[in-house]
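The values are calculated or read from the model by the stated rules, or taken from the named source; none is laboratory data. Just so you know, these numbers come straight off a predicted model, no measurement behind them. Heads up, the Cβs are rebuilt from the backbone with ideal geometry, glycines too, and the neighbour counts pull from every protein chain shown. Areas reflect the complete protein model, heavy atoms only, side chains present, ligands, DNA and RNA absent. Shrake-Rupley method; radii C 1.70, N 1.55, O 1.52, S 1.80 Å.
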Number of protein chains: 2
Amino acid sequence: MELSCKSEYALLALLELTAHFNSGEPLQIRQIAAEQSIPDRYLEQLLATLRRAGLVRSQRGAKGGYVLAREPWKITLLEAINCIEGLDSQSSDAGREAKSVEGMVIWEVWQEARQAADAVLQKYTLQDLADQRDARRQLDFMYYI
Amino acid sequence: MELSCKSEYALLALLELTAHFNSGEPLQIRQIAAEQSIPDRYLEQLLATLRRAGLVRSQRGAKGGYVLAREPWKITLLEAINCIEGLDSQSSDAGREAKSVEGMVIWEVWQEARQAADAVLQKYTLQDLADQRDARRQLDFMYYI
DNA sequence: TTATACCCCGGTTATCCACTGGGGTATAAG
DNA sequence: CTTATACCCCAGTGGATAACCGGGGTATAA
């Protein structure tokens, strides 16, 4: 029940890509890493995961980099977090039948809690976060004056 | 975002204590461990944590064991899980200010998701789970006939 | 052709989880 | 008072994962 460093890095990178989405130009790992103080070689792996999941698209060679594969208002936080946190193997039904009755009841309640959290993450898109960031920046600016 | 083995063991033990709450007699680690197939020496540590958190009370010596410190309908799952999962050091406000604006926005959304999950866990008490278990057992029994 | 920037794979250190074990201490029963 | 019981504290181990670092390969624009 904790936001891993991994997920936060990935979201930060996605937000950076969202900010540059309108330009049409790809963003490079070094730029994202420098902007958000993320170790670049590590970020590279996370972006590779996002690419394999189909959330971003990459361009190799000179003038290469990353762009969002879809519009930022069509990518939810749930999608982003799930794909880097790895939802593949153990979830839902598999490996959950050989338990006691108590185990089943506990598991069902836990599922309900997890779904509640997922619902929150699903209602926010990358665009929403970018908007919130802009609003926050505006606030900070006014406070500075 | 995953139910750890630790938490599940603790909840199973608490449910066992809930079932024997009316008898007034303390339950021993060996009994709980045998009933739910939990390694007993490991369960011992979890119960020690629950005791330090004030959720269960222990009696040492012969005829000793554990009892719930409060009535089972006054102990929520959120309490139980939080105390064994360790909510102590890093949460809420500490260590979260030296971040970028993006980091803050991400953190706030995450908090909202976590609170949604917590709300679900808070509305269920140990008694609720025990009742659900009984209902489930009844169903299984009828199915068996 | 060459510089660029992604791609793949493997290693390292630290941390945590699930679990085991040894020895100590309080308590009820005889 | 002794003794068996059952909790108490602390320390260690194997495996898994997280967060990184680094080397070398490959595609692409200039």
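Residue A:33: net charge of surrounding residues, Cβ under 10 Å, Lys/Arg +1, Asp/Glu -1, itself excluded? The partial results should precede the final answer.
Details: positive: A:30, A:41; negative: A:16, A:35, A:40, A:44.
Charge balance near residue A:33 sits at -2.
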Partner shielding of B:133-140, taken as the mean number of other chain Cβ atoms within 10 Å, equals 3
Hey, what did region B:5-144 get for relative contact order, percent, Cα under 8 Å, at least 6 apart? 28 percent
Straight-line reach from residue B:63: which lysines have a Cα under 23 Å away, not including same-chain ones fewer than 8 places off? none
Taking the label point 7 Å from Cα in the Cβ direction, how far apart in nm is residue A:54 from each other copy of itself, listed shortest first? 5.2
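Quantify how strongly other chains surround peptide B:31-40 by giving the mean number of their Cβ atoms within 10 Å of each of its Cβ atoms.
On the way: counts 0, 0, 0, 0, 2, 4, 3, 0, 0, 0.
That average works out to 1.
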Copies compared at residue B:111 - label distances in nm, ascending, label defined 7 Å from Cα in the Cβ direction: 3.2
Over all Cα pairs of region A:5-144, how is the pair count split among 10 Å bins, expressed in % and running from 0 up to the last occupied bin? 10, 35, 29, 17, 8, 2
Just to be sure I understand: if you take the accessible area of chain B alone plus chain A alone and subtract the pair, with a 1.4 Å probe, what total do you get in Å², rounded to 100? 3800 Å²
If you roll a 1.4 Å probe over region B:5-144 with all protein chains in place, what percent of the accessible area is carbon or sulfur? 49 percent
Give the lysines whose C-alpha is closer than 27 Å to that of residue A:123, dropping any in the same chain fewer than 8 places away, or say none. A:6, A:74, B:99, B:123
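In Å², and per residue, what accessible area does the protein assembly as shown have when probed at 1.4 Å with the other protein chains present? Walk me through the numbers on the way to the answer.
Working: 16690 Å² over 290 residues.
For the protein assembly as shown, the per-residue accessible area is 58 Å².
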Taking the protein assembly as shown, the equivalent ellipsoid from its C-alpha gyration tensor has semi-axes in Å, biggest first, of 45, 21, 17
